[in-house]
1. For the stretch 238-278, what does the alpha-carbon gyration tensor say about shape, rounded, prolate or oblate, given a ≥ b ≥ c as the root eigenvalues, a/c under 1.5 as rounded, and a/b over b/c as prolate?
2. Could you work out how far helix 3-15 tilts from the main Cα principal axis of the chain, as a 0 to 90 degree angle to the nearest 10?
3. With the full set of protein chains in place, find how many percent of the accessible area of the chain is carbon and sulfur; take the probe as 1.4 Å.
4. Shape of the stretch 1-47 from its Cα gyration tensor (a ≥ b ≥ c, root eigenvalues): rounded if a/c is under 1.5, otherwise prolate when a/b > b/c, or oblate?
5. May I ask for the angle, rounded to the nearest 10°, between helix 195-204 and the longest principal axis of the chain, with both axes built from Cα atoms and the value confined to 0 to 90°?
6. Can you compute the modelled spin-label distance between Arg106 and Ile298, with each label point 7 Å from Cα toward Cβ, in nm?
7. Which of Asp98, Asp72, Asp290 moves most in a GNM of the chain, Cα contacts under 10 Å?
8. List the relative contact order of the stretch 170-240 as a percent without decimals, with contacts defined as Cα pairs under 8 Å and 6+ residues apart.
Amino acid sequence: MNYKLIETFAVLAKTLNVTKTAEKLYLSQSAVSYRLKALEDELGVMLVERDRGFKHIKLTAHGKAFMSIALDWENINDKINNFSSSSLRKTVSIGVVDSVNNYLFRDIYKEIFKSPNVQLTIKTQHTDEIYEQIAARTIDVGFVLHHIPMNQIECRPILDENMVLVSKCNKLFNLKSVDPKELNPEKQIFLNWGDQYLKWHNKYFSQGLNPKLITDSTLLSFDILDQDSWLIVPISAAYSLTGKFDDIYIIPFIDDPPHRSIYMITNKAPLYSNREAIEDFKTLVNTHMDAHRSWQNIFSNKLNNEGQKT
């Protein structure tokens, strides 16, 4: 069987769009249509339902079944092509939300980076995008901020993180803890940490008062934090600032926000050739999360007993 036919179907099955498939493969739309018809003729089944002009397509039952085979074939073909240079290397691809990627997984990445036998691909994405790619098996492991029930996906919590106030405001210097009611919402750099966090946030801060900035980037929020502003972040992100700034105050709340939960997700039927590497990576993550939980308990107790940390 011609691999190009399978490659074309694999891309089309992910995009469900002939134009996007043609762009990704540097083909004409007619070439995509020809390859799909040739594959269907060879298999003797219809893989895709399409209307006139191919504007709307969806996979048939045969198409959904064959997609799994096509993805396995695609992955194996890549390994064959790279066999001479990386025959002994394990490969793992992961999707991670921004705040986890930047402040929680650095030690994991450093440990993997030292190994000559592992190739790691890291994609920083939103939670919904990570679920989609795990379902399609285009990435192996995902780290997300909420659980979306999907039959083909295994999801389990790996960490609950305390949320703390971060500010450079000198008025907060002697506070052991802070009452959310005493904070000015118009000085806030706002990051959305999920539905439960929003319920807590809306209890204390009027929705009619606009934050100073709304962003989904913790890196950006830290870069622009000034003497006049404040933000609420997971304790791992807050702690990362202590080595960069001397005037950062980290303060727990009198009424704590809901913890930030992190979930690890994988496809229940991962690509066969990646299974060993995926299990090794999951074991490494679990070991680091166990260590992080111990560290978090010590650091949180220190904050609660001694007050703000700079």
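1. Numbers: a/c = 8.85, a/b = 2.22, b/c = 3.99.
Judged from the Cα gyration tensor, the stretch 238-278 comes out oblate (a/c at least 1.5, b/c at or above a/b).
2. Between helix and principal axis, roughly 40 degrees.
3. Values: 8340 of 16660 Å².
Looking at the chain in its full context, I get 50 percent from C and S.
4. Details: a/c = 1.81, a/b = 1.64, b/c = 1.10.
Judged from the Cα gyration tensor, the stretch 1-47 comes out prolate (a/c at least 1.5, a/b above b/c).
5. 30 degrees
6. Modelled inter-label distance: 1.7 nm.
7. Judging by the Gaussian network model, the answer is Asp290.
8. Values: 55 pairs, mean separation 28.6, N = 71.
Rounded, it is 40 percent for the stretch 170-240.
The values are calculated or read from the model by the stated rules, or taken from the named source; none is laboratory data. Remember, it's a predicted structure, so these values are computed and weren't measured experimentally. No Cβ is skipped: glycine too gets one built from the backbone with ideal geometry, and neighbour counts run over all protein chains shown. In case anyone asks, the SASA skips ligands and DNA or RNA and just uses the protein heavy atoms, side chains included. Shrake-Rupley method; radii C 1.70, N 1.55, O 1.52, S 1.80 Å.
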